[in-house]
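The values are calculated or read from the model by the stated rules, or taken from the named source; none is laboratory data. Computed from a predicted structure; not experimentally measured. Counting neighbours? That spans all protein chains shown, and the Cβs are built from the backbone with ideal geometry, glycine included.
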Amino acid sequence: MTVSRSAPSPPGVSREIRGLAGPMLVGEATGVLVPIAMVAILGRAVGEHALVLRSLYLPMELIYIAIQFAFATSGQVVAALGTGARRHKEIGAQITGLAVLWTLVGAVMAAGVWLGAPALATALHVEPASHDAFVTLVRWSAICHPIMGLPVLSAATLRGAGRPGAATVVSTVTALLELASVAGFGVWGGHGANAIPIAFALAGVAGGALGLSLMFRAGLWRPGRLDLAVHTRTALSRLTSVGLPVGLSYGILSVSNFVLLGLLGPLGATVQAGYANALTLQTFVTVPGVVLGSATAIIMNRQRGAGREGELGDVFTAGIKVCAGAYLPLAAAMWLARDWLAGLSTTDPGIRAETAEFLAVVAPTYAMLGLSLLTLTAIEQIGMGPLATVLNLVYFAGTTAVGGWAARAFDDSLGLYWTVAAFNVAAMVPNIWIALHIRQRARRA
């Protein structure tokens, strides 16, 4: 996709955002569904032991996801700016620099995890019967996970360069290969949860080869000699300014969810399970906002690269309108279908009732949550990452502190749920300020 040099009309921008977001949504939804399917396969086909190992491994998986988000967002920004400036040859060089950094980070992390795996097992209170299997899983996952950098970076580059269909092919094929590897080696091969590192390796190599071939066809990567020192320094600057805030935001989200689950512990396992079930459903609600925010940011960064910053306000406004149009019916549907949705993943009446109660309170605010997700995702990629991190920290610290206190004070999870809803509404204040700030910045350009 090539961006015209003339300023597109607002309806044209909205169509371009939707055109980018459609294929991206497929890829992101696949990325959400595959881990859930992995848990289902291991739990049902292999047994409780594999499922316990997979659950204990979750904290490490969240770290890997944060790394992937940080590098993928950085690569997407590099590609969008390079496409806008029509410097396609520089895109591949900077992505190579990001790949070098990914390898270095992966090597350091693998060494640390290999040495610290037994201590991690102790910290997580892994039972003696599962200790050795857990240590093996964590160590080999740390070694194999860096291979996933190939498909992650290539898909991000294709998205940023305006080829969302090709990017979705890479991410979807990679995710399905992960799932097939876990099914094949974990279930039929008898490796259980230890199939996860095997899946990283196989999916990373195959998905990476596919991604590089599509980048080559698009003219975004050419094999050859590069000044790796220069490109790695450039990539490091992009990673610290864009990727680091994204990774921190995801880390804040992950920590907040763990803390809240712990705070609900005194209310009973049924409440915890119902809340966790609601969070799983909410994951699907967050995907469109993040995707639309990324699509909006891609177009904004192309314009920045082309020196057309005066158009940023119109693009951001168009993104908000598209997001509002998507989330208003989605919020209504989630609220109206709350009882049915609550029963999709469980037959336990107590868990179903708790999940439905969460949706009854929080679902009406999902339109505002979607606008917040679009806003934060977009500004993370246009040079306002620190602000996004601060806002995420305030939101999650507030919901954790106030919501946790309310749940315990009233001995009822509704205290937490109403707090989450209130913060979703209150988040509109900084969202409005950010929209006005972007428009003012565009007018000054």
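A compact table of results
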{"quantity": "Given (1) within 30 Å of ILE351 (Cα to Cα); (2) outside any helix (DSSP H, G or I); (3) of a type outside the set (S, T, N, Q), index of the condition LEU328 fails", "calculated": "(2)"}
{"quantity": "Any hit, region 272-280, residues being within 26 Å of PRO151 (Cα to Cα) and surrounded by fewer than 19 Cβ atoms within 10 Å (Cβ to Cβ)", "calculated": "yes"}
{"quantity": "From the options PHE423, PHE396, PHE410, residue that is closer than 26 Å to VAL271 by Cβ, at pLDDT 95 or above and of a type in the set (Phe, Trp, Tyr)", "calculated": "PHE423"}
{"quantity": "Output for region 113-128, where each listed residue is out of contact with any helix residue (DSSP H, G or I) (no Cβ under 8 Å at 6 or more places or on another chain) and assigned to a helix (DSSP H, G or I)", "calculated": "LEU115, GLY116, ALA119, THR122, ALA123, PRO128"}
{"quantity": "Residues being in contact with a Pro (Cβ under 9 Å, 6 or more places away or on another chain) and either modelled with pLDDT of 85 or more or not assigned by TED's automatic domain parsing to the domain that holds LEU236 (or both) - total across region 105-130", "calculated": "5"}
{"quantity": "Residue in region 223-240 that is crowded, with 21+ Cβ neighbours inside 10 Å and under 17 Å from the mean Cα position of the chain (by Cα) present", "calculated": "yes"}
{"quantity": "Which listed residue, of SER55, SER4, is of a type in the set (Gly, Ala, Ser), at pLDDT below 90 and outside the structural domain of LEU158 (by TED's automatic domain parsing)", "calculated": "SER4"}
{"quantity": "Selected residue [surrounded by fewer than 19 Cβ atoms within 10 Å (Cβ to Cβ) and in a helix (DSSP H, G or I)] from LEU374, LEU387, LEU369, LEU391", "calculated": "LEU387"}
{"quantity": "Residue in region 298-313 that is farthest from GLY84 (Cα to Cα), counting only those that are part of a helix (DSSP H, G or I) and small (Gly, Ala, Ser)", "calculated": "GLY313"}
{"quantity": "Scope region 407-421; condition surrounded by fewer than 18 Cβ atoms within 10 Å (Cβ to Cβ) and either among the aliphatic types (A, V, I, L, M) or in contact with a Leu (Cβ under 8 Å, 6 or more places away or on another chain) (or both); matching residues", "calculated": "ARG408, ALA409, ASP411, ASP412, LEU414"}
{"quantity": "Residue among LEU292, LEU371 that is within 21 Å of the chain's Cα centre (by Cα) and over 26 Å from VAL34 (Cβ atoms)", "calculated": "LEU371"}
{"quantity": "Residue count for region 253-276, restricted to those that are under 28 Å from ALA324 (Cβ atoms), modelled with pLDDT of 85 or more and not aromatic (Phe, Trp, Tyr)", "calculated": "0"}
{"quantity": "Answer residue from region 325-356, given it is within 25 Å of ARG18 (Cβ to Cβ) and touching a residue at least 12 places away in the same chain (Cβ under 8 Å) and is surrounded by the fewest Cβ atoms within 10 Å (Cβ to Cβ) among those", "calculated": "LEU328"}
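Here is a yes/no grid of residues against (1) touching a residue at least 24 places away in the same chain (Cβ under 8 Å); (2) touching a Ser or Thr at 6+ places or on another chain (Cβ under 8 Å):
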position: ALA378; (1), (2): yes, yes
position: VAL394; (1), (2): no, no
position: VAL402; (1), (2): no, yes
position: TRP405; (1), (2): no, no
position: ARG408; (1), (2): yes, no
position: ASP411; (1), (2): yes, no
